[in-house]
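The values are calculated or read from the model by the stated rules, or taken from the named source; none is laboratory data. What you are looking at is a predicted structure, and each value in this text was computed from that prediction instead of being measured. Every residue, glycine among them, receives a Cβ derived from its backbone with ideal geometry; neighbour counts consider all protein chains shown.
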Amino acid sequence: MSENRRRLTDPVTSDSQVRVRSLRGLSRIAYAWLDERTGIRSMVRKGLYEAVPRRGAWAYTLGSATLLLIVNQLITGIFLTMIYVPSTTEGWESLNWIRGHDEFASIVRGMHLWGAYVLLFVLGLHMVRTFFSGSYKRPRETNWLSGVVLFVLVLGLSITGAMLPWDQAAYWTAVVVTNIPSYTPIIGIYLRTLWRGGEFAGPITLLRTYGIHIWILPALLFAFIGIHLYLLRKHAEFGSYVNYRGFFRTLHPRPVIPPAEQPALSEPVPPGQRELEPPYPGVPTDDEWAAPLETDDFYPDQTFKDAVVSLICIAIVFAFGIGIGAPLEAAATQNTTTYTPVPEWFYLPLDQLLVLAPKQLISLALWVPLFGLLLLVILPFVDRGRERNPFERPAVMIVGGLIVLFMLVLTALGSGRLFNL
Amino acid sequence: MVDLAIQLPPHSPEFGGLLGQRIAIGSSFEAHILIAGLVSGASQLGPITEWVGYMRRRPEYDRLAHGIARFLVYYFSIGAAIAILVITALLTGLWGSVWAIINRVGFWPFFIEAWTFFLMVVGSYLWYYTWDLLRDYKGLHMAFGGLLAVASFVQVMMIDVIASYMLTPSQPNNPLRVFLNPTEYPLQIHRTVANLAYMGFAVAAFAGFRYLRSKDAAKRAFFDWAGSYGMIWGIGMTLMQPIVGYSYAKEIQLHAYGAWYKMMQGTLSSEFLGQIFLLGLMFLAGSYYFWRRLHASNAPNQGLLGLLTVLLAVTTVFATLPAHLAFTYNQVLASGKDRPFWEGGWVNPFAAMIPYKVGALIAYSVFAIAGLYWYLRGQREVVWGTARAVEQWVLIASVFMVAAMIVLMGFIRENSRYPDVIAGQVQLSHQQVLSQQLISPVTGLSGTLPPPP
Ligand code: HEM
Ligand code: HEM
């Protein structure tokens with residue numbers, strides 16, 4: 001960064017240097033005043049000054065984009081609470097009414113729905129990227145674990161949200177999803193009754209789901225985002241192996257082709273070299289605390305990229321929110337026989353698994369996602385080698401890649417049903 | 001004007017009647033698939049291998065990819081030649097009228113297919129012949145490989161549209177519905193995965209063969225490694241197949257019940273059993289190879305892989321148990337032996353599709369993925385060039401198993417809808433009627449054929 005660029009955090013030597021002639025001068029004085037009383041300057045400085053790895057920086061914008069999309073859910077969600085009535089008799093009515101009556105609410109609702117979709121997609125990308133870059137390795141195991149919790153919470157928010165409109169689709173989602181806890185051994189039926197507020201999905205179910213959607217899960221979500229970001233700051237962004245030389249890259253102990261025979265590739269293998277020292281934060285007591293070769297400032301370099309990607313995401317949400325909006329099917333009635341439920345797209349892999357599973361094995365199929373979750377949780381403790389280059393971690397990458405491929409295949413196989421093909 | 005009809009030969013060649021025609025066309029198609037499957041697999045595996053080598057900066061990948069490219073350039077024309085033989089000479093000559101209907105329904109897929117051949121030729125030649133020229137511009141070179149991979153993917157997709165349509169036809173006059181007929185993407189995924197696996201096994205077998213014949217230490221190291229690399233691809237891809245194949249079968253059950261019944265319970269059920277057996281054998285071969293290969297270098301995880309090999313052997317035997325001691329279930333019913341074997345009947349309840357066969361398929365995949373994981377972890381300690389002959393023979397044998405599997409599957413698929421060519425719409429016997437009427441009303445299809453383009 002060039003030295004003569006002005007920074008928000010540059011110190012102002014004294015209030016009297018600045019004259020109250022311009023608005024700019026005034027704001028500087030106000031800032032200095034505030035700083036003296038709150039220490040805001042050092043807070044901002046701490047928040048914005050941070051070295052981040054330079055190479056591959058665009059891939060590290062996904063976390064911030066996720067965050068902004070969640071803020072979008074929060075804002076639109078709060079607006080929705082002002083119009084939506086959590087009741088089986090009036091909930092659908094309240095959403096139906098805004099069609100043609102309240103353009104703003106329609107857009108907000110559209111943005112809440114499409115925001116959830118884009119959020120899930122970007123979150124998936126964020127996970128895949130941290131998986132490939134091996135960001136979950138020591139000392140960042142807890143970053144990953146808090147991320148897994150966030151993942152579950154967002155999935156929970158999406159599925160509870162999908163029940164709220166109480167149209168046909170929502171009703172069937174409620175029936176199916178509130179039944180899932182009943183597969184828990186021993187206490188299953190009680191859990192289901194607790195959620196449903198009775199034996200069948202009905203008014204209390206909707207009210208409870210609403211409480212879960214707007215209070216319980218968001219509270220947990222923001223708490224865990226706090227933990228996630230705290231840990232991020234504690235260990236600093238790892239980024240990816242391309243920022244490190246030698247240490248996180250294997251120098252092949254036994255070349256398959258003896259060196260004399262090797263045809264030269266354009267770039268030679270970089271010499272093994274260790275980089276351990278600060279300025280990268282962390283305690284450089286151990287090899288794993290290596291610092292990237294080149295860093296940028298979080299502000300303005302990384303924040304600029306973050307802003308670009310986040311704004312693109314929001315623009316997409318906005319466009320779809322206006323252009324397509326959130327659908328509302330006919331109000332739920334228990335006694336339709338003609339209705340074929342269409343699954344939410346992000347549950348397609350699971351849904352396809354359930355479609356494929358013969359009746360006798362359905363409960364087995366429900367264990368598959370739990371097993372997947374277990375794999376996510378144990379990942380940082382199984383894959384502990386220091387190697388960060390995805391191409392040199394074949395065991396985890398190939399098996400992980402196969403699992404991702406497997407989910408994509410299931411999605412592709414099930415996608416016909418989304419469009420009632 | 002002379003009446004052309006008088007001068008025409010009275011009918012197309014007999015070729016020993018319907019059976020002879022079916023054998024001629026069926027066997028040429030099997031031969032075609034055996035080569036074309038490899039070519040498609042190579043067009044994707046080759047570029048991927050080059051890219052991985054580039055990312056890992058390891059020359060042996062580049063060398064292997066180059067070898068795959070050479071193979072491609074040589075064999076592409078053979079695969080294409082057989083296709084031309086089958087289509088121009090046999091299909092058009094023997095079953096011209098039925099074939100014309102397929103062409104009319106599948107005009108666009110065939111049209112795109114033709115252009116993918118062009119792209120394939122351009123892609124593979126560019127990719128192969130610029131190898132050394134573009135050594136300093138790897139990015140560009142890999143882009144050629146990418147083009148090739150995409151072209152071959154689209155090529156397989158187009159022919160899958162036709163093949164799947166013949167089994168589960170949709171509305172013939174709606175091109176989008178023809179494309180998205182119910183088994184199109186299950187078949188596409190199934191074949192793409194299969195071609196990659198097939199090519200992986202082929203690489204493994206070739207490397208095994210060369211390893212056994214090389215004396216030079218450097219060559220042995222290379223072929224030892226290449227054999228292992230090919231096997232990893234073969235097993236890695238094949239272990240997706242139980243679920244993909246199962247989905248495919250499920251769609252067939254939903255949309256072409258007759259064909260499904262024939263495969264699962266009817267006259268083709270013993271072939272299907274053969275398929276499950278071969279699949280188990282392939283996983284067994286892979287696991288055995290992994291085990292012995294680690295053992296030869298005394299690398300970690302040998303014990304686990306030995307255990308998996310035993311488990312896979314047991315699973316394979318269990319999965320292959322026939323459901324009854326007769327050729328078809330109807331024969332069991334006819335002989336009044338519809339009882340479990342311990343009550344003197346012919347039925348074996350432990351071979352029921354659900355849960356046992358399905359369970360065995362799941363077990364195959366789970367064991368295979370565990371084996372792959374442990375092998376890849378242990379592989380770090382492997383010293384290349386120290387493999388023994390046994391492992392190499394397993395590599396060589398595995399490609400024959402895959403080939404047998406492919407032939408068997410082609411046989412099952414094409415026979416499951418016999419005598420229909422397009423299930424429920426066109427039969428081979430219509431050939432006679434059609435060639436006289438020059439494509440006019442056929443059962444069920446009459447009003448719905450698209451107008452000629
Ligand atoms: C609500 C969802 C989430 C938010 C708001 C969030 C936010 C962030 C942000 C802002 C970063 C730093 C920038 C970046 O590397 O992209 C980050 C890093 C990270 N996240 Fe998340 N994340 C979320 C979910 C997840 C999930 C589901 C996982 C994994 C299961 C995860 C694992 C990680 C890891 C391991 C890092 C460290 C990356 C590194 O240092 O290279 N996060 N997250
Ligand atoms: C990550 C966070 C969130 C996700 C993924 C999410 C997801 C969803 C989804 C998918 C719907 C159904 C939309 C539809 O089908 O029309 C929904 C509805 C709703 N959400 Fe959220 N939501 C989130 C956070 C919030 C928050 C924080 C609030 C309130 C403070 C909120 C309030 C609502 C309300 C009132 C509805 C019902 C209105 C409607 O269905 O359009 N949401 N949510």
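Evaluating A:Arg109 against the criteria (1) charged (D, E, K, R); (2) near ligand 2 (Cβ under 9 Å from one of its atoms); (3) within 16 Å of the chain's Cα centre (by Cα) leaves one unmet condition, (3).
When you scan the stretch A:114-130, do you find a residue that is away from chain B (no Cβ under 14 Å), within 22 Å of A:Pro218 (Cβ to Cβ) and away from ligand 1 (no atom under 16 Å from the Cβ), even just one? Scanning the stretch A:114-130, I find at least one residue that is away from chain B (no Cβ under 14 Å), within 22 Å of A:Pro218 (Cβ to Cβ) and away from ligand 1 (no atom under 16 Å from the Cβ), so the answer is yes. Residues of the stretch B:327-339 that are in a loop (DSSP other than H, G, I, E, B) and either hydroxyl-bearing (Ser, Thr, Tyr) or surrounded by fewer than 17 Cβ atoms within 10 Å (Cβ to Cβ) (or both): B:Phe327, B:Thr328, B:Ser335, B:Gly336, B:Asp338, B:Arg339.
Here B:Gln302 meets each of (1) closer than 26 Å to B:Val402 by Cβ; (2) within 14 Å of chain A (Cβ to nearest Cβ) with one exception, condition (2). Condition first: crowded, with 22+ Cβ neighbours inside 10 Å, assigned to a helix (DSSP H, G or I) and at the interface with chain A (Cβ under 10 Å from one of its Cβ atoms). Can you find one or more residues in the stretch B:172-181 that meet it? Taking every residue of the stretch B:172-181 in turn, none turns out to be crowded, with 22+ Cβ neighbours inside 10 Å, assigned to a helix (DSSP H, G or I) and at the interface with chain A (Cβ under 10 Å from one of its Cβ atoms). Screening A:Leu408 on (1) crowded, with 18+ Cβ neighbours inside 10 Å; (2) facing chain B (nearest Cβ under 10 Å) shows it passes everything except condition (1).
Residues in the stretch B:362-403 that are among the small types (Gly, Ala, Ser) and either in a helix (DSSP H, G or I) or outside the structural domain of B:Met231 (by TED's automatic domain parsing) (or both): B:Ala363, B:Ser365, B:Ala368, B:Ala370, B:Gly371, B:Gly378, B:Ala389, B:Ala397, B:Ser398, B:Ala403. Might you check whether a residue that is of a type in the set (A, V, I, L, M, F, W, C), part of a loop (DSSP other than H, G, I, E, B) and either farther than 30 Å from A:Asp167 by Cα or modelled with pLDDT of 60 or more (or both) occurs anywhere in the stretch A:273-288? Yes, the stretch A:273-288 has at least one match. Taken together, A:Gly239, A:Gly197, A:Gly188, A:Gly202 contain a single residue that is farther than 25 Å from A:Leu74 by Cα, surrounded by 14 or more Cβ atoms within 10 Å (Cβ to Cβ), small (Gly, Ala, Ser) and within 16 Å of ligand 1 (Cβ to nearest atom), which is A:Gly239. With respect to the conditions (1) closer than 22 Å to B:Leu38 by Cβ; (2) part of a helix (DSSP H, G or I); (3) not acidic (Asp, Glu), B:Trp131 lacks only one, and its number is (2). Counting the residues of the stretch A:48-89 that are near ligand 2 (Cβ under 9 Å from one of its atoms), outside any loop (DSSP other than H, G, I, E, B) and surrounded by fewer than 19 Cβ atoms within 10 Å (Cβ to Cβ) gives 5. For the stretch A:55-99, the set of residues classified as within 13 Å of ligand 1 (Cβ to nearest atom) and touching a strand residue (DSSP E or B) at 6+ places or on another chain (Cβ under 8 Å) consists of A:Ala57, A:Tyr60, listed by residue number. Take the conditions (1) part of a loop (DSSP other than H, G, I, E, B); (2) touching a Lys or Arg at 6+ places or on another chain (Cβ under 8 Å); (3) not small (Gly, Ala, Ser); B:Val156 misses just one of them, which is (1). When we screen A:Ala170, A:Ala162, A:Ala174 for residues that are in a helix (DSSP H, G or I), more than 9 Å from ligand 2 (Cβ to nearest atom) and aliphatic (A, V, I, L, M), the only hit is A:Ala174. For residues in the stretch A:90-106 being within 22 Å of A:Ile314 (Cβ to Cβ) and either within 10 Å of ligand 2 (Cβ to nearest atom) or buried (at least 18 other Cβ atoms within 10 Å of the Cβ) (or both), which is nearest to the other protein chains (Cβ to nearest Cβ)? Checked the stretch A:90-106; the qualifying residue nearest to the other protein chains (Cβ to nearest Cβ) is A:Ser106.
Just a yes or no: is a residue in the stretch B:340-357 in a helix (DSSP H, G or I) and either surrounded by 21 or more Cβ atoms within 10 Å (Cβ to Cβ) or touching a residue at least 60 places away in the same chain (Cβ under 8 Å) (or both)? Yes, some residue in the stretch B:340-357 is in a helix (DSSP H, G or I) and either surrounded by 21 or more Cβ atoms within 10 Å (Cβ to Cβ) or touching a residue at least 60 places away in the same chain (Cβ under 8 Å) (or both). The residue that is surrounded by the most Cβ atoms within 10 Å (Cβ to Cβ), among those in the stretch B:223-257 that are more than 18 Å from B:Tyr198 (Cα to Cα) and among the polar types (S, T, N, Q), is B:Ser247.
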